[in-house]
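A.B. asks: Submitted below is the structure of interest, expressed as structure tokens.
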Amino acid sequence: GLGLSKKKDENFGEWYSEVVVNSEMIEYYDISGCYILRPWTIAIWETMQAFFDAEIKKMKIKNCYFPLFVSPSVLEREKDHIEGFAPEVAWVTKSGKSDLEVPIAIRPTSETVMYPYFAKWIRGHRDLPLKLNQWCNVVRWEFSNPTPFIRSREFLWQEGHTAFATKAEADEEVLEILELYRRIYEDYLAVPVVKGKKSENEKFAGGLYTTSVEAFIPNTGRGVQGATSHCLGQNFAKMFEINFENENREKGMVWQNSWAYSTRTIGVMVMVHGDDKGLVLPPKVAAIQAIVVPVPYKNTPMEEIYDACLKTVDTLTKAGIRAEADLSDNQTPGWKYSHWEMKGVPLRIEIGPKDLEKNQVRVVRRDNSAKEDIPVSTLVEQVQDILAKIHENLFNVAKEKRDASIKVAKTWEEFMEALNQKKMILAPWCDEQEVEEDVKKRTKGEIGAAKSLCTPFEQPELPEGTLCFASGKPAKKWTYWGRSY
Ligand SMILES: O=C(C[C@H]1NCCC[C@H]1O)Cn1cnc2c(c1=O)CCCC2
Ligand SMILES: [Mg+2]
């Protein structure tokens with residue numbers, strides 16, 4: 001088929017939109033901010049889900065399902081939680097022709113849906129820890145520019161909600177889940193992320209502290225919050241009276257966490273790895289890892305070539321590699337090459353007459369276009385090795401680009417220069433909330449203000465006397481700053 005009409009480095013927004021459509025991941029929908037997720041997307045989502053679901057099952061976390069609908073009294077119970085978000089809540093006000101007595105909210109997240117029942121189910125310390133997760137959709141009626149996967153009015157996610165007798169248990173789980181999110185990005189999507197803590201300003205208003213994995217899109221110079229793992233402290237326990245009787249028969253409130261990753265992960269992967277030929281899929285999440293294409297030659301009999309293609313698919317499939325053959329007889333090999341490149345299939349395997357003669361196949365990598373002739377006898381192990389190399393290369397290239405986008409800034413001038421160069425800025429900060437507010441005010445503009453992205457757990461050395469880049473007060477920590485999605 002035809003290639004992309006937009007280039008990644010020239011018109012990122014339109015390039016992205018074209019890639020997600022031409023790779024058959026997304027179909028646009030008639031309601032703004034809503035998108036159809038096609039099988040090519042769901043295959044990616046299911047692979048990550050299989051990993052994450054297995055991992056949380058090892059942690060004795062159980063899946064459940066709570067209703068989509070929330071009654072207003074409950075939704076508005078936790079004040080800080082809701083006031084900042086109220087405009088984003090979608091409401092059902094009618095059924096058929098008649099108005100509902102009381103409007104019903106559609107869940108934007110499920111803390112308030114679940115926690116009245118946590119209060120009911122948790123009586124004594126034997127009921128703890130209570131650890132639930134649900135795979136569902138949520139609705140947030142966002143107004144800023146909708147972007148497939150990155151910012152949509154409905155999205156798929158998992159949301160974990162856990163309750164413990166002690167803070168120590170909650171703290172430990174927050175980091176255990178955060179490590180799973182790092183693995184989703186780095187081990188499955190080949191996207192480098194930074195683990196860190198959100199500022200007071202940026203944390204989940206209803207919580208005690210928020211940790212996150214932060215990605216970065218070099219082309220737009222914007223950070224993107226990849227996934228979050230919050231310790232809620234006892235805030236919601238107080239609101240919803242979730243308390244228990246401990247061993248000494250004392251009444252105590254539970255310590256809670258909530259954590260989520262969403263289909264936003266897929267958008268980050270597209271933005272980071274995609275190129276001017278289309279999507280580039282990391283092998284672990286590719287629905288098809290190797291596409292076998294027959295290359296006819298003048299009057300050679302096609303049956304032999306087709307048989308070789310099907311045999312190759314069979315051999316690879318038996319070894320656990322997701323392989324398919326494109327034997328459609330109404331497209332040229334060249335058309336097929338660009339079609340499967342657009343869809344981001346990591347490996348193409350070409351089989352023509354000379355390959356038959358030499359009992360070999362020609363393998364072409366999607367990430368760097370490298371070509372290699374491989375004897376059929378060692379096909380499986382070589383394909384497995386190449387797929388592993390593709391993941392590694394995608395990660396390394398993305399990490400180099402991300403690291404090249406990081407700039408250290410110690411003064412306001414250096415900060416502003418780096419910000420305007422679309423960098424992710426690592427700066428010493430006094431950790432004062434008003435100073436962050438001030439940075440937002442001073443950087444406000446057409447393309448959005450800068451804000452803190454996270455305070456990385458890996459802190460560089462902070463020499464005595466280092467001053468905050470924004471306030472000039474004594475700096476307390478190194479923090480990443482930047483514009484964001
Ligand atoms: O959703 C969370 C916190 C928490 N929810 C559960 C999973 C982890 C974590 O995302 C924050 N949040 C974001 N956005 C909104 C809300 C909200 O609570 C509530 C109202 C509408 C918009
Ligand atoms: Mg939001």
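A.B. asks: For the pair residue 462 and residue 371, how long in nm is the line joining their label points, each one 7 Å along Cα→Cβ?
C.D. replies: 5.5 nm
A.B. asks: Can I ask one more? Rank 406, 447, 82 by accessible area, highest first, at a 1.4 Å probe radius?
C.D. replies: My answer, sorted largest first, is 447, 406, 82.
A.B. asks: Another question about this same structure. Got a sec? Charge dipole of the chain, +1 on Cβ for Lys and Arg, -1 for Asp and Glu; which of 185, 2, 308 is way out at the positive end?
C.D. replies: Result: 185, furthest along the dipole toward the positive end.
A.B. asks: Hey, another quick one. Per residue, how much accessible area does the chain show when a 1.4 Å probe rolls over the protein heavy atoms, in square angstrom?
C.D. replies: 46 Å²
A.B. asks: A further question on this structure: Calculated FRET efficiency, residue 318 and residue 357, Cβ-Cβ r, R0 22 Å, to nearest 0.05?
C.D. replies: 0.35
A.B. asks: Something else now. How much length, in nm to one decimal, is gained on full extension between residue 120 and residue 304, taken as 0.36 nm per residue of separation minus their Cα-Cα distance?
C.D. replies: Contour length minus the Cα-Cα distance gives 59.4 nm.
A.B. asks: Round to the nearest 10 and give me the degree value, 0 to 90, for the angle of helix 39-58's Cα axis relative to the longest principal axis of the chain.
C.D. replies: 50 degrees
A.B. asks: If you don't mind, there's one more thing I want to ask. Run through all the Cα pairs of region 30-77 and give the fraction in each 5 Å bin from 0, expressed as whole percent.
C.D. replies: The distribution over region 30-77 is 5, 14, 11, 13, 18, 18, 15, 5, 0, given as percents.
A.B. asks: Identify the chymotrypsin sites (Phe, Trp or Tyr not before Pro) of region 30-122 meeting these criteria: DSSP loop state and at most 11 other C-beta atoms within 10 Å of the C-beta.
C.D. replies: 65
A.B. asks: If you don't mind, another one. In deg cm²/dmol, rounded to 500, what helix-only [θ] at 222 nm does the chain give when every DSSP H run of at least 4 residues adds -39500 (n - 2.57) and the total is split over its residues?
C.D. replies: Value at 222 nm, helices only: -10500 deg cm²/dmol.
A.B. asks: Jot down the radius of gyration and Dmax of region 367-477, Cα atoms only, both in angstrom.
C.D. replies: Computed over the Cα atoms of region 367-477, radius of gyration and Dmax are 21.3, 67 Å.
A.B. asks: Taking H placed 1.01 Å from N in the peptide plane, check which residues at least 5 places from residue 454 or on another chain put their amide H under 5 Å from its amide H.
C.D. replies: For residue 454, whose amide H was placed from the backbone, the distant partners under 5 Å are 480.
A.B. asks: Report the trypsin sites (Lys or Arg not before Pro) located in region 409-483 that are in a DSSP loop and have at most 12 other Cβ atoms inside 10 Å of their Cβ, or state none.
C.D. replies: Loop-located and lightly packed - 444.
A.B. asks: Tell me, Kirkwood radius of the chain from alpha-carbon pair distances, in Å?
C.D. replies: About 24.9 Å for the chain.
A.B. asks: Something else: For region 314-323, in order, what is each residue's ³J(HN,Hα) by Karplus, 6.51 cos²θ - 1.76 cosθ + 1.60 with θ = phi - 60°, in whole Hz (x at glycine and Pro)?
C.D. replies: So the J values, rounded to whole Hz, are 5, 4, 5, 4, 4, 8, x, 9, 7, 10.
A.B. asks: Using 0.36 nm times the number of residues separating residue 183 and residue 382, minus their current alpha carbon distance, what extension gain do you get?
C.D. replies: Full extension from residue 183 to residue 382 adds 69.1 nm.
A.B. asks: In sequence order, what are the phi-derived ³J(HN,Hα) couplings for region 387-393 according to the Karplus relation 6.51 cos²θ - 1.76 cosθ + 1.60 with θ = phi - 60°, rounded to whole Hz, with x for glycine and proline?
C.D. replies: Couplings: 4, 5, 5, 5, 4, 4, 5 Hz.
A.B. asks: Take the alpha carbon gyration tensor of region 278-334, find the square roots of its eigenvalues, order them as a ≥ b ≥ c, and report rounded if a/c is under 1.5; if not, report prolate when a/b exceeds b/c, else oblate.
C.D. replies: Oblate.
A.B. asks: Protein chains only, probe 1.4 Å: how do 309, 34 rank by accessible area, largest first?
C.D. replies: From most exposed to least exposed: 34, 309.
A.B. asks: Calculate, for residue 248 and residue 95, the FRET efficiency according to 1/(1 + (r/R0)^6) with r their C-beta to C-beta distance and R0 60 Å; round to the nearest 0.05.
C.D. replies: 0.75
A.B. asks: Carbon-plus-sulfur fraction of the accessible area of the chain, 1.4 Å probe, in percent?
C.D. replies: C and S fraction of accessible area: 53 percent.
A.B. asks: Right, another one. Please list 152, 144 in order of solvent-accessible area, largest first, computed with a 1.4 Å probe with all protein chains present.
C.D. replies: Largest accessible area first, the list is 144, 152.
A.B. asks: Let me ask something additional. For the cross-link pairs 441/476; 197/251; 57/198; 57/79; 6/343; 167/197, which exceed 24 Å when the distance is taken from alpha carbon to alpha carbon?
C.D. replies: Those over the limit are 197/251; 57/198; 57/79.
A.B. asks: Find out how many positive minus negative residues lie around residue 124, taking Lys and Arg as positive, Asp and Glu as negative, among other residues whose Cβ is under 11 Å from that of residue 124.
C.D. replies: Cβ neighbours under 11 Å give a net charge of +1.
A.B. asks: How large are Rg and Dmax for region 268-425 when calculated on the C-alpha trace, in angstrom?
C.D. replies: For region 268-425, the Cα-based Rg and Dmax read 19.8, 71 Å.
A.B. asks: Sticking with this structure for a sec: Amide H of residue 409 versus every other amide H placed in the peptide plane: which residues, excluding those fewer than 5 positions away on the same chain, fall under 5 Å?
C.D. replies: Under 5 Å from the amide H of residue 409 lie the amide H atoms of 426, 427, each far enough along the sequence or on another chain.
A.B. asks: What is region 35-191 by shape, rounded, prolate or oblate, if you read a ≥ b ≥ c off the alpha carbon gyration tensor as root eigenvalues and call it rounded for a/c under 1.5, prolate for a/b larger than b/c, and oblate otherwise?
C.D. replies: Since a/c reaches 1.5 but b/c is at least a/b, the shape of region 35-191 is classed as oblate.
A.B. asks: OK, next. Are there GluC sites (Glu not before Pro) in region 395-485 that DSSP marks as loop and that have at most 15 other Cβ atoms within 10 Å, and which are they?
C.D. replies: Of the GluC sites (Glu not before Pro), the ones in loops of region 395-485 whose Cβ has at most 15 other Cβ atoms within 10 Å are 446, 458, 461, 464.
A.B. asks: Sticking with this one: Quick check: pseudo-label points 7 Å beyond the Cα along Cα→Cβ at residue 201 and residue 399, how many nm apart are they?
C.D. replies: 3.1 nm
A.B. asks: With only Lys, Arg, Asp and Glu charged, each at its Cβ (+1 for the first two, -1 for the last two), find how big the charge dipole of the chain is about the Cα centre; round to the nearest 20 debye.
C.D. replies: With only Lys, Arg, Asp and Glu charged at Cβ, the dipole is about 280 debye.
A.B. asks: What's the angle, to the nearest 10 degrees (0 to 90), between helix 167-183's Cα axis and the longest principal axis of the chain?
C.D. replies: Between helix and principal axis, roughly 20 degrees.
A.B. asks: On to the next question. State whether region 1-118 is rounded, prolate or oblate according to the following rule on the C-alpha gyration tensor (a ≥ b ≥ c being the square roots of its eigenvalues): a/c under 1.5 gives rounded; otherwise a/b larger than b/c gives prolate, and the remaining case gives oblate.
C.D. replies: oblate
The values are calculated or read from the model by the stated rules, or taken from the named source; none is laboratory data. None of these values were measured; they are calculated from a predicted model. Glycine gets a Cβ as well: all are built from the backbone with ideal geometry, and neighbour counts include every protein chain shown. Surface areas here come from the heavy atoms of the whole protein model, side chains and all, with no ligands, DNA or RNA. Shrake-Rupley method; radii C 1.70, N 1.55, O 1.52, S 1.80 Å.
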